[in-house]
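Everything on this sheet refers to the single structure shown next.
The values are calculated or read from the model by the stated rules, or taken from the named source; none is laboratory data. Note that the structure is predicted; figures quoted are calculated from it, not measured. So basically every Cβ, Gly included, is an ideal-geometry build from the backbone, and we count neighbours across all protein chains shown. For the accessible areas, the whole protein counts, side chains as well, though only heavy atoms, and no ligand, DNA or RNA atoms are used. Shrake-Rupley method; radii C 1.70, N 1.55, O 1.52, S 1.80 Å.
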Amino acid sequence: MSVSTLPAACGIGLRAPHYREVLDTQPPLSWVEVHSENFFDGGTPLAMLRRVAGHWPLSLHGVGLGLGSAARPDRGHLASLRRLIDEVRPAAVSEHLSFNHSSSRYVNDLLPIPYTRAALDAVAGHVSETQDALGRPILLENLSSYVEFPGNEMNEGEFLAELVSITGCGILLDVNNLYVNRINLGTDTDAVLAALPAGAIGEIHLAGYSEREGLLVDTHSQAVHDEVWAFYREVIARFGPRPTLIEWDLDIPPLAALLGEAAKAQALLEACDELA
């Protein structure tokens with residue numbers, strides 16, 4: 001099964017303030033993405049998602065599995081996600097390359113992992129277990145980080161490439177996260193991109209960061225910055241057009257603002273396609 005069947009066009013992250021307007025007005029969206037965990041309990045949210053899935057290709061984006069954790073993926077979480085997948089038949093399913101739990105405790109954050117062979121073996125096992133439980137491959141998203149582990153044996157791109165080779169998973173390339181790491185940590189973003197297998201990139205994320213005490217923070221609370229737009233142009237020139245998402249999770253603007261951001265990305269995708 002393909003890692004993603006999303007169209008190579010720009011979609012939006014659909015959040016609760018826009019549910020009714022999107023269903024009532026049915027704007028010309030290419031596809032939409034939602035956070036998986038918001039629909040595990042069924043009821044009205046799931047009924048809404050069924051209607052959305054009837055109109056547009058759907059991507060399920062998870063924030064809770066923590067596949068970089070030492071502990072195995074939670075079986076209850078996997079079962080809930082499998083039920084949701086079977087219900088709405090998404091075009092893509094994704095998670096973060098992060099840790100968030102031990103055997104006894106969860107943290108409400110996406111924490112970085114070491115890029116070592118030992119960590120690779122553990123994460124690969126968790127990804128394989130997850131894909132077996134879900135009956136399909138998933139996309140893994142690169143992380144925004146504010147500290148690095150000492151003793152890394154590879155960069156994040158090399159780590160993701162190894163995971164793809166071992167497990168058959170795909171990659172969700174968050175361009176904003178990678179740019180944030182370039183500024184905050186001095187990450188060699190060209191080396192990260194060079195390591196990624198182009199055919200495994202099933203989705204791209206764009207979002208707006210905030211600035212706090214000299215750091216760029218991946219808050220998803222603003223429009224995409226000019227520097228990230230420029231980086232995105234470089235990315236799609238390298239890899240070609242990919243399904244692209246506008247994420248906006250805090251200080252959510254009117255739907256028209258999201259659609260305007262999506263239109264910018266769509267114009268860049270079409271220009272890239274014409275040059276190919």
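Within the set Y106, Y146, the sole residue that is modelled with pLDDT under 95 and either closer than 25 Å to F40 by Cβ or crowded, with 21+ Cβ neighbours inside 10 Å (or both) turns out to be Y106. Can you spot a residue in the stretch 191-210 that is at pLDDT below 95 and of a type in the set (D, E)? Within the stretch 191-210, not a single residue is at pLDDT below 95 and of a type in the set (D, E). Quick one: would you say A70 is small (G, A, S), open to solvent by 10 Å² or more (accessible area, probe 1.4 Å) and modelled with pLDDT of 95 or more? The answer is no for A70. Within the stretch 191-200, one or more residues are touching a residue at least 12 places away in the same chain (Cβ under 8 Å), of a type in the set (G, A, S) and touching a Phe, Trp or Tyr at 6+ places or on another chain (Cβ under 6 Å). Of all residues being free of Cβ contacts under 8 Å to residues at least 12 places away in the same chain and not small (G, A, S) in the stretch 201-233, which is nearest to A92 (Cα to Cα)? Just the residue, please. Ranking the qualifying residues of the stretch 201-233, first place goes to D226. When restricted to residues that are assigned to a loop (DSSP other than H, G, I, E, B) and open to solvent by 20 Å² or more (accessible area, probe 1.4 Å), the stretch 226-241 contains 1.
Applying the condition of being over 17 Å from R136 (Cβ atoms) and acidic (D, E) to the stretch 23-62 and asking which residue is most open to solvent (accessible area, probe 1.4 Å) yields D41. One residue alone among A256, A223 is surrounded by fewer than 19 Cβ atoms within 10 Å (Cβ to Cβ), within 22 Å of N181 (Cα to Cα) and small (G, A, S), and that residue is A223. Within the stretch 182-189, can one find any residue that is closer than 23 Å to A92 by Cβ and in contact (Cβ under 8 Å) with a residue 12 or more places away in the chain? Looking through the stretch 182-189, none of the residues is closer than 23 Å to A92 by Cβ and in contact (Cβ under 8 Å) with a residue 12 or more places away in the chain.
The single condition among (1) buried (at least 24 other Cβ atoms within 10 Å of the Cβ); (2) touching a Lys or Arg at 6+ places or on another chain (Cβ under 9 Å) that I171 does not satisfy is (2). Inside the stretch 196-217, can you point out the residues that are under 25 Å from N152 (Cβ atoms), crowded, with 17+ Cβ neighbours inside 10 Å and either more than 13 Å from the chain's Cα centre (by Cα) or of a type in the set (K, R) (or both)? Answer for the stretch 196-217, where residues must be under 25 Å from N152 (Cβ atoms), crowded, with 17+ Cβ neighbours inside 10 Å and either more than 13 Å from the chain's Cα centre (by Cα) or of a type in the set (K, R) (or both): L196, A200, Y209, L216.
Of all positions in the stretch 144-162, at least one carries a residue that is touching a residue at least 60 places away in the same chain (Cβ under 8 Å), closer than 27 Å to K264 by Cβ and among the hydroxyl-bearing types (S, T, Y). So, T244, is that one under 29 Å from P57 (Cβ atoms), surrounded by 22 or more Cβ atoms within 10 Å (Cβ to Cβ), among the polar types (S, T, N, Q) and out of contact with any Lys or Arg (no Cβ under 8 Å at 6 or more places or on another chain) or not? So T244 fits the description; yes.
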